[in-house]
Structures are given as C-alpha cells and as structure tokens.
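Everything below concerns the one structure shown next.
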Amino acid sequence: MIKKCIQAMAVAMVARVVWWYGIRTVLIEKRQSSPTMYRAAVFEHVPQGDEKSETYREIIDKNLKIYEKAVEIAYQNDVELLVFPEDSLINSEKYNRSMLIEHILEPMPDPRNGQLVNFCETTSLDKKKTSVLATISCWAIQYKMFIALEFGDKVKCDKNIESECPPDGHYLFNTIALFDWYGNLVAKYHKMQLYYEFQYNIPTKKTENNDPVVYYDSPFGRIGFMICFDLMYKQPGIKLVEEYGVQTIIFSTYWFNHLPFVSSVQMQQAFALAHNINFICANTHIPKTGTLGSGIYSGKFGAIIYTNNPDSNSKLAIATIPIDLRSKESTFDVHKTKPKLFVVFRNKTRQELQNNYLNPNDLQSIILLNFHQNLTGSVKWCFPGSHLCCRLYYELKHISQNEKAIFALVTGASLSGAIGQSRYPIFQEYCGMVQCESKNCSQFSSNNGIEFNYIFLSTTSMSHYVYPSVIGNNQRLLPIRKEWIYQRLEPDENIIRVRPTQPIVAVTLYGRNYDNDPVYVH
C-alpha cells in the first residue's frame, strides 16, 4: 500500500513538473513577437556604491535592485533580449584577485562542454541570496526573457599541470553570461582584449575549447559577443561576422569617448553599418570620465534607438529589430520598431561631461578649413609618404560668423595608440572633416557645429575595414539614408555624401588595417 502511494506521489510530481514546463513554454512562445523580429533592450546604468565606505555585498545588492527595475520595465514592454553593461554591477578593478576569488566572482560552467546549468534551480536557498548568477537566472525565468550579464568568471586550474595557471590557482575572466528564458546559462564569452584590467586573465585556446570566439544559435538567430576594448581589434568581431555569420552581436562596454573618431555611439553605429549586423550595445554611464552612449543598431538602417545624454540617470532603451538583416525575405520596416526610452533611476547629483581626445600627434596631417569667407570649396589633403588622400567638397548654408567654429581636414595612417593609449598600439587610418577647439587641433569639439547644404568626403587607399560616421552637435548621430549615405567603390574608394538638416561637427572615415597590428600584449 505504501509502495503504491509513493508511486502515485511520484507520478503526480512528474505530472506537475511537466505541466509547469508546458505552461511556461506556452507563455514564452506567446512573448515571441514574430518569427522574423524580436524586441531587444539595453540598460545604461550609473553604478551605485562607494568602495571606501560600503562592502562589496552592499554595492552589488544596491545595483541589483536597480537592475531588477530595468528587467521589470523590459518585461512590461515585451522585451525578449536584455543586455547589461560592463562593470556597472561592481567594478572589479577596485578589488584584488584574492578578494575576487574568495568573495565576489562565481564559476560559470562552459555550455560548449555540454554543461547546461540552471543556477536558479540548482543553487541552495541559503546561497541564492548572495549568488549573482542565481539571481539573474531566476529573473530570466520570472520575466521570460534572455538576459546578457557582464560579470567575472573564475575557473580553477592546477599550477602543477598547467604552465599558464596563475599562482593563485585560478583563471579570472571578464565575461558575458547569456541566460535563456528557462534560466539556463546557454553561452559565456571571455573578453579577449583587456584594457589594463590586470585583475583578469587573457583567454587562450587551452582555456577556451581551442576557440575564444563564441557564438550561440538562439531563437533570435546566431548571436556573437564582444566586450568593450574588443571592438578595436580584429577578433572576435571580424571572425564572428565573416566566418561564423552572426546576425547579431551583443556588446557590453565601459567605453570612454574619444573624439573625433571613436566616441561610443559613433563607433557603435559605424560597426553595425560596416558589417550589416544588429549591434546591441550597453554602456555604463559615468559622464565625468566620458563614459556614456548605448544603443540598438541594425546595419544599413543605423541607430534604431540610442541614448547619449550626460544626464547622470540610468536608462533603458528598447526597440524591435529583425532577426536577419541580410535575408532576402526580410520585411523589416524601420518605422515599425516602436523604440522607447525609459529613465529607470534618477541620480540626485549630476556629473559634468568630460570627453577624451585622440592624441593630435597621431593624426599627423592637418589642414585648417576656412568657412568664414566662401560658401563653397574643395580641398584635397594627402598623408605624406603614403597613397592615402582625403578629398572634401562642401557647400555652406551661410557664411559662418562663429569664431569658435574651427574646422580641419585631417589624415593619418600609422601605428598609434588605441583610443589614445600608447600601451596598446594598433594600425589606424583617418580621413575626416572635424571641428577643433583651437587652431592647433589639440582638442576636438562636440558643439558649435556649422550648417551645410552639402558635404562630400572621400578617400582612397584605406584598408578593407572602414567605419563611417556623421556627427552633429552634442554627439548626435545624423540619421543614415535620410541625411547621409556611405558607399565603398571598387577598388578602394570610400565616400560619404551628406545633406544635413542640422549643424555638423564631424564627418569621418575611420580605417582599421588589422593585419598591420602588432600582437596584442596585455
């Protein structure tokens, strides 16, 4: 009798589990907006907490509380994929490796090894309160969405067997963890190019199943991953696009704006346009370091929604995007993306924006432009000792009376510091009409733009990888196709044509000759 009761209870329990998973599957299927489109969101967060006066746990909990508000708003707006920024939950650079290993970071099994872990369902109740991964996993289930979290991964290693194993017996990685709507950890990616971040390790083929470049086949198509400084290098981005054919790249970042060629939203849109992919970019928000600017971009359509406002508030940007931009069957209508921007958390204090600038010595060749005498003009300026030439034709709306409106045509092609840092040299090429703060162009302006009727900028002999942009006052992106177009003509001519409806501060072609880069050294 007892045996039959136990069997009946077991059958009932299995039935309940099957019923729950069935109901959950139905609910999730209803949230899928379309077989060809999906709803994505990025959260630009102002990190809360003070490492000098608060414990790491207090800081994490304080930020998780705001993170969950963002998740709730995303859920209310039918979001299916939400991306969080880099280092905004807790800044790992503020802690030593011992602290990170013993108290803060959590191990993430690699799904590529067939280890599909659900932290919400496998973490004990007492540990759930302190596990970041369990918290996010449970949110993914509760709010029925994919969540991409940037956090640190710790992987044990044996110093006696592995020559690369650190003295403390752990690899620590800056990581994006992707959770599906069942709460499973379905993908993790380790940042390949660290920007200082000496608390972390560089992934190798030994630690990454022979391939540190990661993609995941999701309900929203094939997704790749990059973190911040990765954007300046060939891998993982180029391999994701050209070899693995991803349709979307998730990008978590703590990006410092560097005018006039690689500010955040400028580079984000340019990368999406150049490679014709969806680029879902979540940046941290700290205006005093020039850190801001997030968005959702869809290839040739450019920015579907973005935010670049130094208001010191945490914001959620949402939009509908196509699964596959390159599909001939795609019926994507940019007017039906339903973009929305929400303020999730308002800070009591406001920070002043402080932009960063490329080293003017890296530009190497500058000619000032005179917009105070003639309405029209043309200039050709070549980089000495190379075939790289920059051509500009323009027609002003009216003669400029603004003495602060100092513009220059700049060219350059050399090994120079990535985003102004000589520690990390890369081969960069420049052609651009940019606004300067002074006649020596030691700093570049983001205001005091000039009104033009027409601008034509072209260059020859740039590398295969060119990232175009047109920027207005306050680092606003001019809408692609409405106000400007980019063309690459064979064999090596790149052209931007602009008919703007607002003042312009920069029209740029930024080239990357990846094959001439030296080997990256952390």
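Return the residue satisfying two criteria in turn: it lies in region 105-125 and is part of a loop (DSSP other than H, G, I, E, B), exposed (fewer than 15 other Cβ atoms within 10 Å of the Cβ) and free of Cβ contacts under 8 Å to residues at least 60 places away in the same chain, and of such residues it is farthest from the chain's Cα centre (by Cα).
Taking region 105-125 and keeping what is part of a loop (DSSP other than H, G, I, E, B), we get 105, 107-110, 114-116, 123-124.
Within this subset, residues satisfying the condition of being exposed (fewer than 15 other Cβ atoms within 10 Å of the Cβ) are 107, 114-116, 124.
Of the ones still in play, those that are also free of Cβ contacts under 8 Å to residues at least 60 places away in the same chain are 107, 114-115, 124.
On the way: 107: 24, 114: 28, 115: 27, 124: 34 Å.
The qualifying residue farthest from the chain's Cα centre (by Cα) is 124.
Only one of 231, 185 is farther than 25 Å from residue 424 by Cβ, buried (at least 22 other Cβ atoms within 10 Å of the Cβ) and touching a Ser or Thr at 6+ places or on another chain (Cβ under 9 Å); which?
On the way: 231 fails: farther than 25 Å from residue 424 by Cβ.
Of 231, 185, the one residue that is farther than 25 Å from residue 424 by Cβ, buried (at least 22 other Cβ atoms within 10 Å of the Cβ) and touching a Ser or Thr at 6+ places or on another chain (Cβ under 9 Å) is 185.
Scan 317, 270, 274 and give me the residue that is in contact with a strand residue (DSSP E or B) (Cβ under 7 Å, 6 or more places away or on another chain), within 26 Å of residue 215 (Cα to Cα) and in a strand (DSSP E or B).
Working: 270 fails: in a strand (DSSP E or B); 274 fails: in a strand (DSSP E or B).
Step by step, each of 317, 270, 274 is checked, and only 317 is in contact with a strand residue (DSSP E or B) (Cβ under 7 Å, 6 or more places away or on another chain), within 26 Å of residue 215 (Cα to Cα) and in a strand (DSSP E or B).
Scan region 238-253 and give yes if some residue there is farther than 24 Å from residue 324 by Cβ and either of a type in the set (Ser, Thr, Tyr) or touching a Ser or Thr at 6+ places or on another chain (Cβ under 7 Å) (or both), otherwise no.
Step one: filter region 238-253 for residues farther than 24 Å from residue 324 by Cβ, giving 253.
Going one step further and asking which of them are either of a type in the set (Ser, Thr, Tyr) or touching a Ser or Thr at 6+ places or on another chain (Cβ under 7 Å) (or both), we end up with 253.
Scanning region 238-253 turns up at least one residue that is farther than 24 Å from residue 324 by Cβ and either of a type in the set (Ser, Thr, Tyr) or touching a Ser or Thr at 6+ places or on another chain (Cβ under 7 Å) (or both).
Report whether or not residue 480 is aliphatic (A, V, I, L, M) and farther than 18 Å from residue 400 by Cβ.
On the way: aliphatic (A, V, I, L, M): yes; farther than 18 Å from residue 400 by Cβ: yes.
Taking the combined requirement at face value, the residue satisfies it.
This table checks each residue for (1) of a type outside the set (Ser, Thr, Tyr); (2) farther than 18 Å from residue 39 by Cα; (3) in contact (Cβ under 8 Å) with a residue 24 or more places away in the chain.
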| site | (1), (2), (3) |
| --- | --- |
| 52 | yes, yes, no |
| 58 | yes, yes, no |
| 62 | yes, yes, no |
| 71 | yes, no, yes |
| 91 | yes, yes, yes |
| 95 | no, yes, yes |
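Does residue 463 fit the bill of being surrounded by 17 or more Cβ atoms within 10 Å (Cβ to Cβ) and at pLDDT below 90? Let's see the steps before the verdict.
Numbers: surrounded by 17 or more Cβ atoms within 10 Å (Cβ to Cβ): yes; at pLDDT below 90: yes.
Yes: the conditions hold for residue 463.
Run down 423, 391 and say which single residue is surrounded by fewer than 21 Cβ atoms within 10 Å (Cβ to Cβ), of a type outside the set (Val, Ile, Thr) and in contact with a Leu (Cβ under 9 Å, 6 or more places away or on another chain).
Numbers: 423 fails: in contact with a Leu (Cβ under 9 Å, 6 or more places away or on another chain).
After ruling out the rest, the residue left standing is 391.
Could you list, in sequence order, all residues of region 234-265 that are under 13 Å from residue 280 (Cα atoms) and assigned to a strand (DSSP E or B)?
248, 249, 250, 251, 252, 253
Only one of (1) surrounded by fewer than 18 Cβ atoms within 10 Å (Cβ to Cβ); (2) in contact with a Cys (Cβ under 8 Å, 6 or more places away or on another chain); (3) assigned by TED's automatic domain parsing to the domain that holds residue 76 is not met by residue 338, so which one is it?
(2)
On the given criteria, is residue 175 crowded, with 21+ Cβ neighbours inside 10 Å and either over 23 Å from residue 283 (Cβ atoms) or not aromatic (Phe, Trp, Tyr) (or both)? Working first, answer last.
Working: crowded, with 21+ Cβ neighbours inside 10 Å: yes; either over 23 Å from residue 283 (Cβ atoms) or not aromatic (Phe, Trp, Tyr) (or both): yes.
Yes; evaluated as a whole, the condition is true for this residue.
Can you pull out the residues in region 488-501 that are modelled with pLDDT of 95 or more and either surrounded by 14 or more Cβ atoms within 10 Å (Cβ to Cβ) or within 27 Å of residue 427 (Cβ to Cβ) (or both)?
Let us first name the residues in region 488-501 that are modelled with pLDDT of 95 or more, namely 494-501.
The answer is 494, 495, 496, 497, 498, 499, 500.
Among the residues of region 65-88, which ones are closer than 15 Å to residue 148 by Cβ, in a loop (DSSP other than H, G, I, E, B) and in contact with a helix residue (DSSP H, G or I) (Cβ under 8 Å, 6 or more places away or on another chain)?
So the first thing to find is which residues in region 65-88 are closer than 15 Å to residue 148 by Cβ, and the list is 67, 70-71, 74, 79-88.
Keeping just the survivors that are in a loop (DSSP other than H, G, I, E, B) gives 79-80, 84-88.
Selection gives 80, 84, 86, 87, 88.
Return yes when residue 414 is modelled with pLDDT under 95, in a loop (DSSP other than H, G, I, E, B) and hydroxyl-bearing (Ser, Thr, Tyr) and no when it is not.
Details: modelled with pLDDT under 95: yes; in a loop (DSSP other than H, G, I, E, B): no; hydroxyl-bearing (Ser, Thr, Tyr): yes.
No.
Here's the yes/no breakdown for (1) of a type outside the set (Lys, Arg); (2) under 23 Å from residue 238 (Cα atoms); (3) assigned to a strand (DSSP E or B):
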position: 377; (1), (2), (3): yes, no, yes
position: 393; (1), (2), (3): yes, no, yes
position: 407; (1), (2), (3): yes, no, yes
position: 438; (1), (2), (3): yes, no, no
position: 471; (1), (2), (3): yes, no, yes
position: 491; (1), (2), (3): yes, yes, no
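Does any residue in region 216-232 that is more than 21 Å from residue 39 (Cα to Cα) and touching a residue at least 12 places away in the same chain (Cβ under 8 Å) come within less than 9 Å, Cβ to Cβ, of a residue that is of a type in the set (Gly, Ala, Ser) and not in a helix (DSSP H, G or I) six or more places away or on a different chain, and which pairs are these?
Note: pairs meeting the criteria are 227/252; 228/252; 229/418; 232/418.
Quick check: is even one residue across region 291-298 among the β-branched types (Val, Ile, Thr) and crowded, with 19+ Cβ neighbours inside 10 Å?
Applying the first criterion (among the β-branched types (Val, Ile, Thr)) to region 291-298 yields 291, 296.
In the following step, the residues that additionally are crowded, with 19+ Cβ neighbours inside 10 Å were identified as 291, 296.
Checked region 291-298: at least one residue is among the β-branched types (Val, Ile, Thr) and crowded, with 19+ Cβ neighbours inside 10 Å.
Residues of region 299-314 being over 15 Å from the mean Cα position of the chain (by Cα), buried (at least 22 other Cβ atoms within 10 Å of the Cβ) and under 20 Å from residue 69 (Cα atoms), which ones?
The one that is over 15 Å from the mean Cα position of the chain (by Cα), buried (at least 22 other Cβ atoms within 10 Å of the Cβ) and under 20 Å from residue 69 (Cα atoms): 314.
The values are calculated or read from the model by the stated rules, or taken from the named source; none is laboratory data. None of these values were measured; they are calculated from a predicted model. We place every Cβ from the backbone using ideal geometry, glycine too, and count neighbours over all the protein chains shown.
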